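No value in this document is a laboratory result; all are computed from the given coordinates. From a predicted model like this one, the values you see are computed outputs, not experimental measurements. Please note: Cβ atoms are built from the backbone with ideal geometry, for glycine as well, and neighbour counts cover all protein chains shown.
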Amino acid sequence: MRRTRALAVSAAAVAALGVAAPAAVAWDTPSNIVALPSVIARGGQLTVTVDGCRNGGTMSSGAFPTTNLTPIHGANETAKGTATIHSNARPGPYDITVNCSGRTLTRPAAFTVIGGVRGGIGGSSTSGATPTDMAIGGGLVAAAVIGGGVFWMRRRAERRA
């Protein structure tokens, strides 16, 4: 009877240890890499959060330099980092590789870099007025001055008659 009881207690202890061991290993295993925004322009700031990275670590990609991940206080086993996308990054999808406590995880196509934004016919790609813009603006101002002068002269002539 004593052997059976001792065997049952030993089996329960081994089972409890077997259930707790994977959970302890999972704490230091990075998972669930989230990059926001998922579509970003060159030079923009990308925020990455990683679950299972309680002591922080590093993240890297072809679109930004290796950046530190810092633990978020109050969030269970989560770390966060902010990276600036290279101004010369090629448009397209990029992977993110995370290293936490010696363990590495890569998320393929975690975010997409887009090229520079052009509004209309190059509206945001030029700086200042072009010579054509200046000529059109000057012509409109001259037309307004001449039209105002003609109107004023006619009104003045009507009063005399």
Item checked: Inter-label distance, nm, simple model (7 Å from Cα along the C-beta direction), THR70/ILE146 -> 6.5 nm
Item checked: Distant-in-sequence amide H partners of PHE111 (H built 1.01 Å from N, under 5 Å) -> TYR94
Next item on the list: First measure r as the distance between the Cβ atoms of GLU158 and ALA135, then evaluate 1/(1 + (r/R0)^6) with R0 = 41 Å and state the FRET efficiency to the nearest 0.05.
Entry: 0.75
